[in-house]
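All remarks here apply to the structure that follows.
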Amino acid sequence: MRIVTFLGTGDYRPVTYVWDDGRAVRRSTTHLFPLALAAWLEPEQVLVLLTAEAERGPHWATLRDHLGDRVRPVPIPPGRSQAELWQIFEQLAGAVPAGSHLVIDVTHGFRSLPLFAAVAALLLRHLQGVTLERILYGAYEARDPASGEAPVFDLTPLLDLADWLSGIEALERSGDGRLLAQRLSETHAAARRRGAEELPQRLQGVGQALEEWSETIRLNRPVDAARAAHRLRERLQSAEDELARWAPPFARLADRLATDVAALAHPEPERLDEAVLRAQLAAVRYALDKGLVLQAVTMAREWFVSWYIWAFMPEVHPHWQRMAEREQAERSLGELGAVARQGSRLAAHHPGWDIGDLWNQLAQLRNDLAHCGMRQGALSPQAAQSKAQELVRRLQALLDARSG
């Protein structure tokens, strides 16, 4: 484990730092908090970010005398500009080996440098596989005048906020709920390990439902998606109080998420009716909104077959997912597509011309995407997305016209 700390030129005064890490209460009297931290944690190395002025000062000499070979200076500029901040990042990245376990000490940092270093360390977690164990601050200014003791504040929850942010961004941008599901599961498990009062009962269930629903969209499972959305909505409602207490960042997202999944939810998605079709088409739109064009188009093509069975083949409604019935519907759609391809005025007046034309265009787009653009006249990514949006609007109009 390595400590990353800062050193300035301030007039640091002796104080007894007190740290309750949840397992033991530790005390150390010193004017340099990195010395107390090194005594408590016994790191293999202490990386000290310091300017040239700080390196010439007495504090660096004290650290070097006490820590010997374990301490290493990391020269940095003062950080007065964006360019200098990036120089600091490069210096930190070069000093921290890949896969390191770090404790960040921000006690003696100058101005905004500790905040920048903490954010940079979060970046290194992804770029170099760094594990951030703690962020600590020895709060000299919060000392007790009577006892001369200063508390050590554990700022590690900032890491949790960063993880919540990553999870929320993944869900909002691409519909990927796996990171948020993991955070909910970890929060649930951590509360139980600590033996907290009124242990959470539903957090993990919310995470499982969120991940299941997310995966059904990503894996083109509209029937399962409707069922999973219904389950997720129920669990969000039942866990409202627990989310507010144990996962406040997610609690603020929960209402919007519940609204998003409401349109996709159905308690009995195996039954073919208008409500099921609307839920499935909502899943198509959701996938498209999240940039999942391939999933959206694939599900839209299957939705069209289901719609045709619902609209024109009532006798096979109980078996609408069976291959034989779906192939029969596809043949009928193909015949309408052949009429639409004729291009004559007479064909354009055929009652099924719009259906056939839509089937043709949807099939062409699906094939274009499924064959990875390995064909003449392949659409650009932007054109494919625009075409998908147009076709989904036409599918919605088709459903609205039939139900109205």
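The values are calculated or read from the model by the stated rules, or taken from the named source; none is laboratory data. In this text the structure is predicted, and so the values were computed from the model without any measurement. Glycine gets a Cβ as well: all are built from the backbone with ideal geometry, and neighbour counts include every protein chain shown.
Which pairs do you get when a residue that is within 16 Å of residue 352 (Cβ to Cβ), found in the stretch 302-328, comes within reach of a residue that is among the acidic types (Asp, Glu), reach meaning Cβ atoms under 8 angstrom, with the pair 6+ apart or on two chains?
Listed pairs, sorted by first residue: 305/330; 309/325; 310/273; 310/274; 313/325.
If I filter the stretch 116-150 down to residues being buried (at least 19 other Cβ atoms within 10 Å of the Cβ) and touching a Lys or Arg at 6+ places or on another chain (Cβ under 8 Å), which single residue comes out as farthest from residue 80 (Cα to Cα)?
Filtering the stretch 116-150 for residues that are buried (at least 19 other Cβ atoms within 10 Å of the Cβ) and touching a Lys or Arg at 6+ places or on another chain (Cβ under 8 Å), the one farthest from residue 80 (Cα to Cα) comes out as 150.
Under the condition of being within 18 Å of residue 281 (Cα to Cα) and free of Cβ contacts under 8 Å to residues at least 60 places away in the same chain, which residue from the stretch 371-392 is surrounded by the fewest Cβ atoms within 10 Å (Cβ to Cβ)?
In this case the residue turns out to be 390.
For the stretch 168-188, give me each residue that is within 8 Å of the chain's Cα centre (by Cα), closer than 15 Å to residue 295 by Cβ and surrounded by fewer than 21 Cβ atoms within 10 Å (Cβ to Cβ).
Residue satisfying the conditions is 176 alone.
Tell me, which helices (runs of 4 or more DSSP H) lie completely within the stretch 97-201 with 2 or more residues that are free of Cβ contacts under 8 Å to residues at least 24 places away in the same chain and aliphatic (A, V, I, L, M)?
By residue number, 113-127, 178-194.
Residue under question is residue 263, and the condition is that it be in contact with a Lys or Arg (Cβ under 8 Å, 6 or more places away or on another chain) and either over 19 Å from residue 157 (Cβ atoms) or modelled with pLDDT under 95 (or both); does it hold?
For residue 263, the condition - in contact with a Lys or Arg (Cβ under 8 Å, 6 or more places away or on another chain) and either over 19 Å from residue 157 (Cβ atoms) or modelled with pLDDT under 95 (or both) - is met.
Go through the stretch 369-404 and count every residue that is at pLDDT below 95, under 23 Å from residue 334 (Cβ atoms) and of a type in the set (Asp, Glu).
Residues that pass the stated criteria total 0.
Just checking, does the stretch 69-92 include any residue being of a type outside the set (Phe, Trp, Tyr) and closer than 28 Å to residue 149 by Cβ?
Scanning the stretch 69-92 turns up at least one residue that is of a type outside the set (Phe, Trp, Tyr) and closer than 28 Å to residue 149 by Cβ.
Here's a check for you: in the stretch 372-404, which residue that is part of a helix (DSSP H, G or I) and charged (D, E, K, R) is farthest from residue 275 (Cα to Cα)?
Result: 387.
Only residues in the stretch 393-404 that are surrounded by 11 or more Cβ atoms within 10 Å (Cβ to Cβ) count as the first member; pair them with residues that are not hydrophobic (A, V, I, L, M, F, W, C), Cβ under 6 angstrom, at least 6 apart or cross-chain, and list the lot.
403/274
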